[in-house]
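Report on the structure given below.
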Amino acid sequence: MCGIVGYCGPQSAVTPLIQALRRLEYRGYDSAGIALGVRGKLFVEKRAGKLANLENALDIELPVVHSGIGHTRWATHGGPTDRNAHPHVDNDGKLAVIHNGIIENYSQLRLTMQERGHTFSSDTDTESVAYLLSDLRKEHNGDLVVAMREAVKILRGSFTLVAIHADNPDVIVGVRRNSPLVVGLGEGENFLASDVAAFINHTKRAIELGQDEVVMITPTTVEITDLDGAVIAPREYEISWDASAAQKGGFAHFMLKEIFEQPKAVADTLIGRLSDNKQIVLDELSMSVQEIRALKKITVIACGTAYHAGMIAKYAIEKWSKIPVDVEIASEFRYRDPIITPETLVIAISQSGETMDTLMAVRHAKAAGARVLTICNTHSSTIPRESDAVLYTHAGPEIAVASTKALLTQMIAVYLIALHLAQVNGALTDEQIEGLYIELLALPGKIEMILETVEPLRALTRSFADKNTVLFLGRNIGYPVALEGALKLKELAYIHAEGFAGGELKHGPIALIEEGTPVIAILPVADEHALDQKMLSNIQEVKARGACVIVIAQDGVHVEGAQHIIRIPVVSALLQPVLATVPLQVFAYEMALARGNDVDQPRNLAKSVTVE
Ligand code: M6R
């Protein structure tokens, strides 16, 4: 989604603005622009395409001024062109605004602004806001803060807006509604940004902003007010990671770095949640023993990769704690009249904590009376703030658009919840919990072992670079792993990839198999249902029809029928997704590389989807 930055301080503004836009690139974008706070008339430059295009255009003698705003745009209204790029300026060239989100009443607003004589030069919803702010500022004696407040009362939808005016260029004004905006507090300089990555190299002090709060920054002051003008006390916090966490650290891509950070991310997410007497400690749940025992149902809501963590939650919670679980794609949840009672616990899963579909589902669940627990990786983001309880994963910043380490830590979070529930309601014995506790602690080392042996897998992957279809098969808790393998490949390699439950194969998907079609099968752990044998039969079925079969199997397990076997360490059935997912991430990464795709910023995608 769009990246936003505002700067005022002692530096020549172009430098921190471009640095910030570089750090926000990971959010996904297709054009970029800046406005520099030149007194009298702003300097504005914007270009379609990558940031390098903007930098080339800025390779001229630039005004040395100490404030400005910058934007990376992920196109919604209007294609990714120079004229649709942000900032948008008023017809005097004095006021510039940048925007993330969607202005829902923009058609009406556009008509009104045209009637008032404003000439439009873009197809965006944002341009109307530039004219609206400009008019309101004139009506309110040149006060941009008041103009912003009044504008927000008129606008519908979700938005972060940041604006600057050439008559008072040391002041930058912003607001947020259902879209992120944070303040960075520096020494003699202040920032506004969509997320802390934009300014983490300057300061670790940040202020979170609430809904409809208007913020004004100067180099030395920050003032936050509500829509009535009442002053709001700043909610300051310290950012827990440092600038190096948002750099590639010697890896070719953020995604590769994040894949290799997974042992640490998993270990960090376990810290403090396993007691010395081998119990699961989850004070963050904020639920009494009585409340847990009264639970009748759990509903998990999430999108994309986080939804796959939700599916894993269903298998783990039902098996261990015997509480029924529904898993729902967040964007479908609230349009279906879901049945929610006070005995329903809703678990939202979101890496960013800003995904609009998940946020709307959380609001719907809360309005229906459910208690909402969120699993999230991003401190102080909107979804945790609106939830009753939060279980933070400690993956550190995830920069690559394709989610990797966040997913593994989400799995850990759901296992911890499942075990905690089982511990409280007595569905598992102390010995069973202790056994799983020991297994959880061993996971980081096992992920490390997989990562030490990925080179042959990378070479094998390259041999499939010209394939246009790859199918993934899983059974039981391996099914969400198959779905995740397919999603990762689609988003990175841009090829047809689908995940199936092995048992569904004969009900249709087997028709897709052609000579040489790669099929990646996740072999389940042998159990009382002989699921492993059933998957081995599936392997024979696809092989007989020409598939090239790659099997992910635990060490020592006999596998028949596969052309290639990828080994993972031995682990119990329900924990296998933590290990089986890793080779699929490497497969998708290598496939993207082999096909010459942009690994960290795949086409058309944004890191967090802050529009519905
Ligand atoms: O930030 P969230 O976890 O809420 O994001 C959900 C999805 O948008 C995200 O997982 C997406 O599917 C990833 N690009 C997958 O790699």
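The values are calculated or read from the model by the stated rules, or taken from the named source; none is laboratory data. Because the structure is predicted, anything quoted here is derived from the model rather than measured. Using ideal geometry, Cβ is built from the backbone for each residue, glycine included, and neighbour counts are taken over all protein chains shown. Quick note on the areas: whole protein, heavy atoms, side chains included, nothing else; ligands and nucleic acids left out. Shrake-Rupley method; radii C 1.70, N 1.55, O 1.52, S 1.80 Å.
Kindly indicate whether residue 456 is free of Cβ contacts under 8 Å to residues at least 60 places away in the same chain, part of a helix (DSSP H, G or I) and out of contact with any Ser or Thr (no Cβ under 7 Å at 6 or more places or on another chain). It is true that residue 456 is free of Cβ contacts under 8 Å to residues at least 60 places away in the same chain, part of a helix (DSSP H, G or I) and out of contact with any Ser or Thr (no Cβ under 7 Å at 6 or more places or on another chain). Pairing each residue of segment 433-451 that is more than 15 Å from residue 574 (Cβ to Cβ) with any residue that is modelled with pLDDT of 95 or more and not in a helix (DSSP H, G or I), provided the two are 6+ apart or on different chains, yields C-beta distances under 7 Å for 449/569; 450/568. Of the residues that make up segment 239-260, is at least one exposed (fewer than 14 other Cβ atoms within 10 Å of the Cβ) and among the acidic types (Asp, Glu)? Yes, that holds for at least one residue. Considering 245, 233, the condition of being outside any strand (DSSP E or B), of a type in the set (A, V, I, L, M) and over 21 Å from the mean Cα position of the chain (by Cα) is satisfied by 233 alone.
The set of residues in segment 361-374 that are open to solvent by less than 50 Å² (accessible area, probe 1.4 Å) and assigned to a strand (DSSP E or B) comprises 372, 373, 374. Within segment 356-374, the set of residues being within 14 Å of the ligand (Cβ to nearest atom) and touching a residue at least 40 places away in the same chain (Cβ under 8 Å) comprises 356, 357, 358, 359, 360, 361, 362. Filter segment 375-393 down to the residues that are part of a strand (DSSP E or B), more than 10 Å from the ligand (Cβ to nearest atom) and open to solvent by less than 40 Å² (accessible area, probe 1.4 Å), then identify the one that is farthest from residue 258 (Cα to Cα). Once the filter is applied, the top-ranked residue is 389. Reported count of residues in segment 324-355, each being within 16 Å of the ligand (Cβ to nearest atom) and either within 21 Å of residue 391 (Cα to Cα) or among the basic types (Lys, Arg) (or both), is 15. Regarding residue 317, is this residue assigned to a loop (DSSP other than H, G, I, E, B), modelled with pLDDT of 95 or more and either among the acidic types (Asp, Glu) or in contact with a strand residue (DSSP E or B) (Cβ under 7 Å, 6 or more places away or on another chain) (or both)? When the stated conditions are applied, residue 317 does not pass them.
Which of the residues belonging to segment 307-332 are under 23 Å from residue 367 (Cα atoms) and within 19 Å of the chain's Cα centre (by Cα)? 307, 310, 327, 328, 329, 330, 331, 332, listed by residue number. Restricting attention to segment 398-409, the residues that are among the polar types (S, T, N, Q) and more than 8 Å from the ligand (Cβ to nearest atom) total 1. Any residue at all in segment 41-54 that is on the phi > 0 side of the Ramachandran plot and of a type outside the set (D, E, K, R)? Yes, some residue in segment 41-54 is on the phi > 0 side of the Ramachandran plot and of a type outside the set (D, E, K, R).
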